[in-house]
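Report on the following structure.
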Amino acid sequence: MGQKQQPTADPISEPKKRRRVGFSNIDVGIEANQCILIYLVSSKEEVGASHSFHISPVDLNSFFDEDGKIYGYNGLKITIWVSSVSFHAFADIKFQSTSDGGKGITDLKSSLQRIFADTLVDNKDDFLQTFSTESHFVRSIISDGEILQHKTSNGHVDSNSHLGTATSDVEVVRMVIGNTAAGHLYSRLVPLALLLIDGSNPIDVDDPGWELYVLIQKKSDEHGDPQHKLLGFTAVYRFYHYPDSTRLRLSQILVLPPYQHKGYGGHLVEVLSNVAILEDVYDLTVEEPLDYFQHVRTTVDIKRLLLFAPIQDAVNSTVSYLKEGKLSKKTHVPCFNPPVSAVEDVRKTLKINRKQFLQCWEVLIYLGLDPVDKYMEDFVAIISSRVKADVLGKDSGSSGKQVVEVPSDYNPEMSFVMFRSQDSEAARVWMDENQTNQEEQLQQLVDERVKEIKLIAQKVHHV
């Protein structure tokens, strides 16, 4: 009988084999900003063409989950075309494969609908068809609106005309958002507002307090048919001011990317300023203006203030005092704020609110210094004094309060300093607790403000 041979064990020559454990690839995802391209197109021929106008959104990541990433796709590329005719959109989504790497597979359609909502068209052929079926979308929507101002191709503005003229190139049309047509138009524009206006949120289209001011260019096509091209818009809220007035607050303003840097934004601001004056509202304010818009707004206001006689004596008096000199050598430098009477005259007549007028005041002083280089040191000294007063609360003569947030390892949410503000308007400023760093931060604010004043003055001089 045969016996099964037992193997001889030699732990040295034959070590035990270890089981190998395999790990699947972890899906790190891809940022939406890295795989999505968006184009603004005015005809079906531009869809997919190399010359299509590419737009750069503020931040696409914020529309995709908490970390702004898309998961589950290999080789993902999303191309989105937005029609500047009907403001519909179509997304061409391409990828090599999908796989769940631990984070699931992102639902791209629902994510894109967070931006584009009902304007997103599923079928490309249907999207292309909108260029013909809705070629008169803008014209039909604004037909019931109020034409406020015409600007002809030669730059002439006619603010009294209520009817279109053959020579008109650009016009501003006002519509009440509570109106069904205006609400429908704004709903189509919401995706562009979300993509291109930092921090924007849709307004309530059912609230009749909202007004939509639409900038329209009228041109004839090759067949002689009139075409209405929407260049931009602004949403303004009209609210009650005690006891018997109203205020206008500009909440959103957007000039479509192909038409930016051509003066259209400034034109919209000019129209709103004229509306505020003609309708004798209390004032015109802006909700959290971005730096670039603030530059445009101040440039427009400076042009009007230079022609406003009631404040010229106050400006000249301040400039003369500054020219007497050597303020930068003094221990205490005054802020040179305008007299209360000038602030009130500007608000009543030009509808420029106090905070905005104080911004303009520094530019007016700068423009009055001639030669400016001779007095630049003293001018910077008064800007520095004002900035320090705003941030640190020095020389503050009013009851307004501001908060300075101070970073702290103990409890960041409770680390702040409350102080009285010169402007009577709350401000939140990050300040380092280190004295040297504070001085550097303050100097940076001063340098930035002086640079902005110079840029505005240069633009006004060239007009």
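Figures for the structure shown
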read-out	value
Looking only at region 232-259, and only at residues there that are in contact (Cβ under 8 Å) with a residue 40 or more places away in the chain, under 15 Å from Val190 (Cβ atoms) and not aromatic (Phe, Trp, Tyr), the one that is surrounded by the fewest Cβ atoms within 10 Å (Cβ to Cβ)	Ser251
Residues satisfying the stated conditions in region 45-62, i.e. more than 12 Å from Ser84 (Cβ to Cβ) and modelled with pLDDT under 95	Gly48, Ala49, Ser50, His51, Ser56, Pro57, Val58, Asp59, Leu60, Asn61, Ser62
Any hit, region 218-231, residues being in the same structural domain as Asp198 (by the TED database), under 19 Å from Leu350 (Cβ atoms) and surrounded by 20 or more Cβ atoms within 10 Å (Cβ to Cβ)	no
Some residue of region 278-292 being open to solvent by less than 50 Å² (accessible area, probe 1.4 Å) and part of a helix (DSSP H, G or I)	no
Pro310 being surrounded by 15 or more Cβ atoms within 10 Å (Cβ to Cβ) and farther than 30 Å from Leu196 by Cβ	no
Unmet criterion (only one of (1) over 11 Å from Thr234 (Cβ atoms); (2) crowded, with 19+ Cβ neighbours inside 10 Å; (3) assigned by the TED database to the domain that holds Val190) for Val271	(1)
Leu278 vs. criteria touching a residue at least 60 places away in the same chain (Cβ under 8 Å) and not hydroxyl-bearing (Ser, Thr, Tyr)	no
Neighbours by Cβ (under 8 Å, 6+ apart or cross-chain): first from region 179-192, without any contact (Cβ under 8 Å) to a residue 60 or more places away in the chain and β-branched (Val, Ile, Thr); second in a helix (DSSP H, G or I) and open to solvent by 60 Å² or more (accessible area, probe 1.4 Å)	none
Criterion violated by Lys262 - all others in (1) assigned to a helix (DSSP H, G or I); (2) within 27 Å of Asp198 (Cα to Cα) satisfied	(1)
Some residue of region 360-369 being among the hydroxyl-bearing types (Ser, Thr, Tyr), at pLDDT 90 or above and closer than 16 Å to Ile302 by Cβ	yes
Region 181-217, residues that are among the hydrophobic types (A, V, I, L, M, F, W, C), surrounded by 18 or more Cβ atoms within 10 Å (Cβ to Cβ) and outside any helix (DSSP H, G or I)	Ile203, Val205, Trp210, Leu212, Val214, Leu215, Ile216
Enumeration of residues in region 355-385 that are of a type outside the set (A, V, I, L, M, F, W, C) and under 21 Å from Gln458 (Cβ atoms)	Gln356, Gln359, Glu362, Tyr366, Gly368, Asp370, Pro371, Asp373, Lys374, Tyr375, Glu377, Asp378
Selection count, region 92-150, where residues are in a helix (DSSP H, G or I), open to solvent by 20 Å² or more (accessible area, probe 1.4 Å) and not charged (D, E, K, R)	9
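For every residue, the table says whether it meets (1) exposed (fewer than 13 other Cβ atoms within 10 Å of the Cβ); (2) at pLDDT 95 or above.
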residue: Tyr71; (1), (2): no, no
residue: Ile78; (1), (2): no, yes
residue: Thr152; (1), (2): no, no
residue: His156; (1), (2): yes, no
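The values are calculated or read from the model by the stated rules, or taken from the named source; none is laboratory data. The structure displayed is predicted, hence computed values, not measured ones. In this analysis, Cβ positions are derived from the backbone assuming ideal geometry, glycine residues included, and neighbour counts consider all displayed protein chains. Ligands, DNA and RNA are stripped out before the accessible areas are found, and what is left, the full protein with its side chains, is counted by its heavy atoms. Shrake-Rupley method; radii C 1.70, N 1.55, O 1.52, S 1.80 Å.
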